[in-house]
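Since the structure comes first, as structure tokens, the remarks are kept for the end.
The values are calculated or read from the model by the stated rules, or taken from the named source; none is laboratory data. All of these numbers come straight from a predicted model, not from anything done at the bench. Counting neighbours? That spans all protein chains shown, and the Cβs are built from the backbone with ideal geometry, glycine included. Areas reflect the complete protein model, heavy atoms only, side chains present, ligands, DNA and RNA absent. Shrake-Rupley method; radii C 1.70, N 1.55, O 1.52, S 1.80 Å.
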Amino acid sequence: QKEVEQNSGPLSVPEGAIASLNCTYSDRGSQSFFWYRQYSGKSPELIMFIYSNGDKEDGRFTAQLNKASQYVSLLIRDSQPSDSATYLCAVTLVTGGGNKLTFGTGTQLKVEL
Amino acid sequence: DGGITQSPKYLFRKEGQNVTLSCEQNLNHDAMYWYRQDPGQGLRLIYYSQIVNDFQKGDIAEGYSVSREKKESFPLTVTSAQKNPTAFYLCASSNIVLTGKGNTEAFFGQGTRLTVV
């Protein structure tokens, strides 16, 4: 079982719609949770982070965390063509040797005009 | 400017040759990470380090080595034992949240694209 799982997509949504991206993780000891956006050939850039159960909103983005279900999601409202990118979910697991930061394989989002 | 710097941006390696990728940060972050990304794939963890002179193997450490002699620096050596080294390599750093919440967000360098010729 992969530590962090995402659907690879592509997920296609029309401009102005809500895009919903999902991520599950395998280790209940996982702590901090992150969503990154990556454009082709570029480094990932942080979109949101969330530490506690519930929702966290920042502009058009909402991160949702459910530790009981081991599930974290990202909602993008009013999707724009510039949102077209790969979205990476990342999870920190505290281990004896340090904090291991593991990424999922990413979901490709396409926002269509 | 605070940030994380990787060099070189592009690197070409001959078969059987070791190469070292540089990663330097001036963010005063404790944790540093190396990832490999293949086309159309996510980031796979190679090595990570939380403190100076200590580091841990990630999920794909075979054929790679690292050192952490200074807090600011975490170089990655791709050895000849790595049979398929052509990939995009990303270095990241973050801080430790002492209240048990794991890490703060990780910041990435611009990456090194390694090609075997």
Practice task
Test residue A:102 against the stated conditions and say whether it is over 22 Å from residue A:12 (Cα atoms) and buried (at least 23 other Cβ atoms within 10 Å of the Cβ).
Solution key: yes
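Residue by residue, here is whether (1) without any contact (Cβ under 8 Å) to a residue 24 or more places away in the chain; (2) open to solvent by 50 Å² or more (accessible area, probe 1.4 Å); (3) under 18 Å from residue A:43 (Cα atoms) holds:
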site: B:63; (1), (2), (3): yes, no, no
site: B:88; (1), (2), (3): no, no, yes
site: B:95; (1), (2), (3): no, no, no
site: B:106; (1), (2), (3): no, no, yes
Fill in the blank from the handout: Restricted to the range B:67-86 and to residues being open to solvent by 20 Å² or more (accessible area, probe 1.4 Å) and assigned to a strand (DSSP E or B), the residue farthest from the other protein chains (Cβ to nearest Cβ) is B:77
Practice task
Might you check whether a residue that is of a type in the set (S, T, N, Q), within 23 Å of residue A:85 (Cβ to Cβ) and part of a loop (DSSP other than H, G, I, E, B) occurs anywhere in the range B:31-41?
Solution key: yes
Exercise for the section: Being exposed (fewer than 14 other Cβ atoms within 10 Å of the Cβ) and at pLDDT below 90 is the filter here, so list the residues in the range A:6-21 that pass it. Expected result: none
Exercise for the section: Those residues that are under 15 Å from the mean Cα position of the chain (by Cα) and in a loop (DSSP other than H, G, I, E, B), I need them from the range A:6-21; list them, please. Expected result: A:6, A:7, A:8, A:9, A:10, A:18
Handout entry: Subset of the range B:18-38 that is within 17 Å of residue B:96 (Cα to Cα) and open to solvent by 30 Å² or more (accessible area, probe 1.4 Å) - its residue that is nearest to the other protein chains (Cβ to nearest Cβ)
Key = B:30
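Consider residue A:109 carefully, then state whether it is within 30 Å of residue B:9 (Cα to Cα), aliphatic (A, V, I, L, M) and open to solvent by less than 60 Å² (accessible area, probe 1.4 Å).
Numbers: within 30 Å of residue B:9 (Cα to Cα): yes; aliphatic (A, V, I, L, M): yes; open to solvent by less than 60 Å² (accessible area, probe 1.4 Å): yes.
Yes: the conditions hold for residue A:109.
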Handout entry: Hits in the range B:87-111 (condition: more than 8 Å from chain A (Cβ to nearest Cβ) and modelled with pLDDT under 85)
Key = B:98, B:99
Exercise for the section: Could you please give the count of residues in the range B:39-51 that are modelled with pLDDT under 95 and either open to solvent by 60 Å² or more (accessible area, probe 1.4 Å) or of a type in the set (D, E, K, R) (or both)? Expected result: 4
Exercise for the section: Could you grab the pairs with beta carbons closer than 9 Å, sequence gap of 6+ or different chains, first residue in the range A:1-22 and free of Cβ contacts under 8 Å to residues at least 40 places away in the same chain, second one surrounded by 14 or more Cβ atoms within 10 Å (Cβ to Cβ)? Expected result: A:1/A:26
Problem - Sole residue being among the polar types (S, T, N, Q) and modelled with pLDDT under 95, chosen from A:92, A:107 - result: A:92
Handout entry: Residue that is nearest to residue A:99 (Cα to Cα), among those in the range A:22-80 that are at the interface with chain B (Cβ under 10 Å from one of its Cβ atoms), open to solvent by 60 Å² or more (accessible area, probe 1.4 Å) and assigned to a loop (DSSP other than H, G, I, E, B)
Key = A:52
Practice task
Examine the range B:3-10 for a residue that is outside any loop (DSSP other than H, G, I, E, B) and either touching a Pro at 6+ places or on another chain (Cβ under 6 Å) or of a type in the set (A, V, I, L, M, F, W, C) (or both), and state whether such a residue exists.
Solution key: yes
Exercise for the section: Check off (1) within 12 Å of chain B (Cβ to nearest Cβ); (2) touching a Pro at 6+ places or on another chain (Cβ under 6 Å) for residue A:110 and give me the number that stays unchecked. Expected result: (1)
